[in-house]
Structure formats: C-alpha cells, structure tokens
Amino acid sequence: MKYQLKINDSTYYFGQNDRTQRFFEHLYPLPNGMAYNNYLIKDEKNVLLDTVDVGLSERFFSQLDSALDGEPLHYLIVQHMEPDHSGSIGLLLRRHPEVTVVSNKKTKSMLEGYGVCPDKFMEVDEKTPLNIGSRELQFVFAPMVHWPEVMFTYDAKEKTLFSADAFGAFGAIDGGFWDEQHDLAAYLPEAHRYYTNIVGKYGSFVQRAIDKALKLDIEIIAPVHGVVWRKHIPEVLELYRKMATYEAEPGVVIVYGSMYGNTDELAEVIGRSLGAHGVNRVVLHHMGHSSVSQVISDVFRYKGVIIGSPTYNNGVWPNVQDALYQLAERNIPDRLYAVFGSGTWNPNTITPLEEWAEARKWTKVAESIKLSQAPSLEDKAAAWELGRLMAEAVLK
Ligand code: FEO
C-alpha cells in the first residue's frame, strides 16, 4: 500500500511540514511551524507545480517518485520563484532531465539569476494554455501576490485553482489537508497574519488577481501553504476581500513601549476606558514583548490605532520605532489615531509619533498626552478621555 494523497482524481498532493522552523523568512514568528504544498497532475503528460525549499527536498522527491511510479515528468510549472518553492528546481532538473519548465518571461530571467538554466523552457502567458492530454491548464498572472512573476494555474476539468501563495497561512498542517478538517476559528487568524505580513502591502494587486480568478468556475483552491480549500471557499474569499481593501472592524490596537511601567500605566487606563465606552475589541501590544508580526495583523483588522512611547536617546523607543517602520511598509490607509508619550527630563516622542501617523494620512481623534515622570491623576484623567474619544470615533 502506497502512501499517496490526492485532491481530485488526477492530482496528487505532497505537503511538507517543517515543525522546526521558528521564523518565516527569518522574520515572522512560526509558533506552529510551516507547511509547503506541491501538486502533481497526471494526464497524458505529467505536470508538477513548483518545487520546495531545498532543505525539504528529500521527502519531496520521495513523494514525487512514488506518485510518478516510474513515469516521466513532462512539465514543471513554476508559479513563484521565491526559494521556499523554487529552491529545489536545480535538483529536480538533474533527477528529471526530460522535464520542460513552464512559466512566464519574468520567471525565466529570475531562474537564470539563481543559476538555473533549464534546457527546455516553455514561455507562457494568459492566452497560452498548456495542453496535457485530456485538459488544458490555463494561467492567470497575479503580479505582486507576492512577487512580480507570480501566476496561478487553473485546471478547468477539475475546477481547481492552484493559487501559489494566495490563500495560504502560517503553520504546519496536522492530519488532513482539507479545510473542513480544521477549526476555522483557529486557522483564519494565522491566514490573516500570513497575508498581512507577506503580501499586505499589495492590496490593489491582490484584489485584481482575485477578481480575475473569480471569473473561473472554482471548486478547489490549492495554495502552496496551508490547507486546501473546498468547503470554506466563500469564507476565505471574504477574508481576502476585506484584507485587500483594508476594511477595518470597530476595534482598537494600542501599540506602545514602556521601560519602568509609567507609559504602561497610561496604556492600561486607555484600554480600560475603551472597554468602558463600548469597544469590545481592544488589543494592547507592549513592544518589549509582542511581535511586530501580530501588530501588523491587528492594525489591518481594527479601525483605531493608539501609539505610545517613552523617550529614548531623544527619540522614540526603539521597539516602537521598529513596529512603526514595518507598519509604514504596509501602506494601511484610513485609520483613526491618537498618541501618548513620556520621558523623565525631556519628553520628546509626541511629535515624531504624530508626524508618523499624519504621513499615513490617518485621522487624529484626541489631543496627544505628554507624560513627565510617573502619571499624575490629571494624566490618568487625560488618558481616560483619550480612550473615550477614540471609542466614540471608532463606534460611530
Ligand atoms: Fe511562499 Fe512568496 O513564497
């Protein structure tokens, strides 16, 4: 009995879980590891979609060999050149010299840049389907989801969209790979964090690609990370629509730092005030402890953002500064903001925090609070009022 998994009659699924990887791109925390998916379509011609990070290639080749069962591999479709999917192309070409690499013009030059020059390369575009026997595979270009060369592949016979990074998630996949085999309430937040961190900057590109793909008749969405979608396609499409349009929910994120607890005390008062004034989604991120990755996800999700920082070397506390740098990269528009800052002898963070938010064209909803030394009763009253004003604005 062979160990083989399929997503439909003709398509094999290979999913590699890496439970030891702690950071994706050495940047984004992976509390539950990461999954990398591959698919092999068997028809008159056998077609592999993408490869895998070179560190996972042993198991990948073993599963590929098992599914090919001695048959040749005719085509490798390269949907995305990031090395978590392209890293084993060189090894694959050595094991399967018969293969023709199929992709677009941008991919070809990237391949060569990574030192891979296939003997046989077929350049395709959206009007050039690939005939593999009983079906044609169609390509949907999806630039900037997540690199410029990305393309999706559509199999009309099986109504399956192979979606590259789109509709993926952080996390290894335990057990079954179908969406309905997982707790959606636990899964979607990691799909949200994955999208907002990895492709969040390119919302308009994502929207265009999804609009194109949605003209197709789709029963299965097969991404290169995470579960394979078939039951919960409406839910994941709705999630992507919201994320790509930066639509926000009525909640507030407080992003702040504190060295000795004084700025933290103000953050607590503001958070309590938000709750007392009817905001049911309040998240406090002390940047000495929270990951910027989660902050990015939460600022995508919620309408209000309150930023607080002690003064450090006459500027913003470094971990808050880093969070602001990474948030700015995502081009998140149309948020409501307020700021608070502290310092013992020269509190000096209000201005740079306000300037940062104004550069995003966000809307200020309350007077900024400048705290010297420990918070007084007046400072706490000002924090309570800031929370009230933000709650009023967010819930409007
Ligand atoms: Fe999973 Fe953009 O690579």
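Every residue in region 332-364 that is surrounded by fewer than 18 Cβ atoms within 10 Å (Cβ to Cβ), modelled with pLDDT of 95 or more and among the β-branched types (Val, Ile, Thr), please.
Thr351, Thr363
Filter the strands (runs of 3 or more DSSP E) completely within region 1-49 down to those with at least 1 residues that are of a type in the set (Gly, Ala, Ser), in contact (Cβ under 8 Å) with a residue 60 or more places away in the chain and surrounded by fewer than 20 Cβ atoms within 10 Å (Cβ to Cβ). Give the steps one after another, and end with the answer.
Values: elements: 5-8, 11-18, 34-42, 46-49.
Once the strands (runs of 3 or more DSSP E) in region 1-49 are filtered for at least 1 residues that are of a type in the set (Gly, Ala, Ser), in contact (Cβ under 8 Å) with a residue 60 or more places away in the chain and surrounded by fewer than 20 Cβ atoms within 10 Å (Cβ to Cβ), nothing remains.
Just the residues that are more than 24 Å from Lys157 (Cβ to Cβ) and modelled with pLDDT of 95 or more, please, taken from region 112-134. Break it down into steps so the answer makes sense when it comes.
Within region 112-134, the first condition is being more than 24 Å from Lys157 (Cβ to Cβ), and the residues that meet it are 112-121.
Listed by number, the residues that qualify are Lys120, Phe121.
For residues in region 155-193 being among the aromatic types (Phe, Trp, Tyr) and buried (at least 24 other Cβ atoms within 10 Å of the Cβ), which is nearest to Ala213 (Cα to Cα)?
Taking region 155-193 as the starting set, the residues that turn out to be among the aromatic types (Phe, Trp, Tyr) are 162, 167, 170, 177-178, 187.
When the remaining residues are screened for being buried (at least 24 other Cβ atoms within 10 Å of the Cβ), the result is 162, 167, 170.
Working: Phe162: 10, Phe167: 12, Phe170: 23 Å.
Here the answer is Phe162.
Given (1) in contact (Cβ under 8 Å) with a residue 24 or more places away in the chain; (2) away from the ligand (no atom under 14 Å from the Cβ), where does Phe162 come up short, assuming only one miss?
The single condition Phe162 does not satisfy is (2).
Would a scan of region 149-157 turn up a residue that is part of a loop (DSSP other than H, G, I, E, B) and in contact with a helix residue (DSSP H, G or I) (Cβ under 6 Å, 6 or more places away or on another chain)? Write out each step before concluding.
Within region 149-157, the first condition is being part of a loop (DSSP other than H, G, I, E, B), and the residues that meet it are 149-150, 156-157.
Narrowing the set further to residues that are in contact with a helix residue (DSSP H, G or I) (Cβ under 6 Å, 6 or more places away or on another chain) leaves 149.
Within region 149-157 (the criterion being part of a loop (DSSP other than H, G, I, E, B) and in contact with a helix residue (DSSP H, G or I) (Cβ under 6 Å, 6 or more places away or on another chain)), the answer is yes, since at least one residue qualifies.
Going through region 276-302 one residue at a time, which ones are farther than 22 Å from Pro29 by Cα, out of contact with any strand residue (DSSP E or B) (no Cβ under 6 Å at 6 or more places or on another chain) and either without any contact (Cβ under 8 Å) to a residue 40 or more places away in the chain or crowded, with 22+ Cβ neighbours inside 10 Å (or both)?
Result: Asn280, single match.
Specify which of the listed residues (Tyr240, Tyr202, Tyr246) is of a type outside the set (A, V, I, L, M) and either more than 16 Å from the ligand (Cβ to nearest atom) or modelled with pLDDT of 95 or more (or both).
The match here is Tyr246.
Only one residue in Thr196, Thr153 is within 16 Å of the ligand (Cβ to nearest atom) and either in contact with a Gly (Cβ under 9 Å, 6 or more places away or on another chain) or under 22 Å from Leu30 (Cβ atoms) (or both), so which one is that?
Values: Thr153 fails: either in contact with a Gly (Cβ under 9 Å, 6 or more places away or on another chain) or under 22 Å from Leu30 (Cβ atoms) (or both).
Every option except Thr196 fails the conditions.
Would you check which residues across region 23-47 are within 13 Å of the ligand (Cβ to nearest atom) and either among the basic types (Lys, Arg) or under 25 Å from Phe152 (Cα atoms) (or both) and list them? Break it down into steps so the answer makes sense when it comes.
Narrowing region 23-47 to residues within 13 Å of the ligand (Cβ to nearest atom): 24-25, 27-28, 30, 34-38.
Of everything in region 23-47, those that are within 13 Å of the ligand (Cβ to nearest atom) and either among the basic types (Lys, Arg) or under 25 Å from Phe152 (Cα atoms) (or both) turn out to be Phe24, Glu25, Tyr28, Met34, Ala35, Tyr36, Asn37, Asn38.
Out of region 77-103, which residues are surrounded by fewer than 22 Cβ atoms within 10 Å (Cβ to Cβ) and under 22 Å from Tyr154 (Cβ atoms)?
The answer is Glu82, Val99, Thr100.
So, of the residues in region 210-258 that are acidic (Asp, Glu) and touching a residue at least 24 places away in the same chain (Cβ under 8 Å), which turns out to be surrounded by the fewest Cβ atoms within 10 Å (Cβ to Cβ)? Can you show your working first?
Restricting attention to region 210-258, the residues satisfying the condition of being acidic (Asp, Glu) are 211, 217, 219, 235, 238, 247, 249.
Filter once more, keeping what is touching a residue at least 24 places away in the same chain (Cβ under 8 Å): 217, 219, 235, 249.
Numbers: Asp217: 9, Glu219: 12, Glu235: 15, Glu249: 13.
Looking at the filtered set, the residue picked out is Asp217.
Can you tell me how many residues in region 381-396 are farther than 17 Å from Gly304 by Cα and either surrounded by fewer than 18 Cβ atoms within 10 Å (Cβ to Cβ) or touching a Gly at 6+ places or on another chain (Cβ under 7 Å) (or both)?
Pass one, region 381-396, residues farther than 17 Å from Gly304 by Cα: 381-382.
Then keep just the ones that are either surrounded by fewer than 18 Cβ atoms within 10 Å (Cβ to Cβ) or touching a Gly at 6+ places or on another chain (Cβ under 7 Å) (or both); that gives 381.
Final tally of qualifying residues: 1.
The values are calculated or read from the model by the stated rules, or taken from the named source; none is laboratory data. This is a predicted model, so every value here is computed, not measured. Positions of Cβ are generated from backbone atoms using ideal geometry, with glycine treated the same way; all protein chains shown enter the neighbour counts.
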